[in-house]
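The values are calculated or read from the model by the stated rules, or taken from the named source; none is laboratory data. This one's a predicted model, so the numbers in the text were calculated from it and none came from an experiment. Surface accessibility is based on the protein's heavy atoms, side chains included, excluding ligands, DNA and RNA. Shrake-Rupley method; radii C 1.70, N 1.55, O 1.52, S 1.80 Å.
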Amino acid sequence: MTVAASKRKGAAPRQAAAKKGGASQDALAPAGEAELSAPEEFVPTPPVAAIPKPQVEHPYGDVPVYVFYPKNVRDGDSVDPIVFPHITTINADVEFFWEMDQLDPMHQSFRYMQKANVPKDIQRRVVRLPDTELARFIQGWFMGVVTPQGVSPPGES
C-alpha cells in the first residue's frame, strides 16, 4: 500500500461522516437544577489551612522545625521524616558567619548542625542520604537563612 493510499484510507471515516451531514452533535439543553446540585452525601474538602499537619516527634521542644520527607534512602535506612530545628532558630552572629566563610559548603552544613544542637543520630540520617536527597535536604533547610540584624553586604561603588 502506498503512502497516499494509507492517508486516504485513514481519512475515509471522516469523509464518510462529513457526507452524512457532518459530526452529529445535537445541541445540549441547559442543565436543570437537579443536575447542578451536589449529591446529598457530598462533603466539601476543607481548605488546606484547615487540614492539620501531621505531628512529627522531635527532640527540640517548642522550637519551630524544618521537616524533610526523604523520597529515596540507602538500603536499610528509614524513610521517616527527618526533623531539624528551623534554620532561623540558630543564633548565628557575625562571628559565626565569619567562621563559616573559612569552610567549604559541606563542612558549613555540619557546623550548622552542631550549632543547632541536632543529635548525632539525626545528623547521621542526613549524611547517609543519597547525593540528590542530601542536596534537596540542604537546599530546603538553608532556604530560610537570614543575614544577622544590622549587617548587610557592602554597597556598590
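Residue separation times 0.36 nm, minus the C-alpha to C-alpha distance between ILE122 and VAL73: what's the value?
This chain segment gains 16.3 nm when fully extended.
Tell me which residues come under 5 Å, amide H to amide H, from VAL65 once H is placed; ignore anything under 5 positions away on its chain.
HIS86
Using 0.36 nm per residue of separation minus the Cα-Cα distance, give me the extension gain between PHE110 and ASP131 in nm, one decimal.
Roughly 6.0 nm would be gained on extension.
Per-residue accessible area for VAL79 at 1.4 Å probe radius, Å² rounded to 10?
Surface accessible to solvent at VAL79 totals approximately 90 Å².
Contour minus end-to-end for THR89 and GLU35, with contour as 0.36 nm per residue of separation and end-to-end as the Cα-Cα distance?
Here the segment from THR89 to GLU35 would lengthen by 14.1 nm.
Under a 5 Å amide H to amide H cut-off, with H placed in plane at 1.01 Å, what residues pair with ILE90 once short-range neighbours are removed?
So ILE90 has HN proximity to no qualifying residue.
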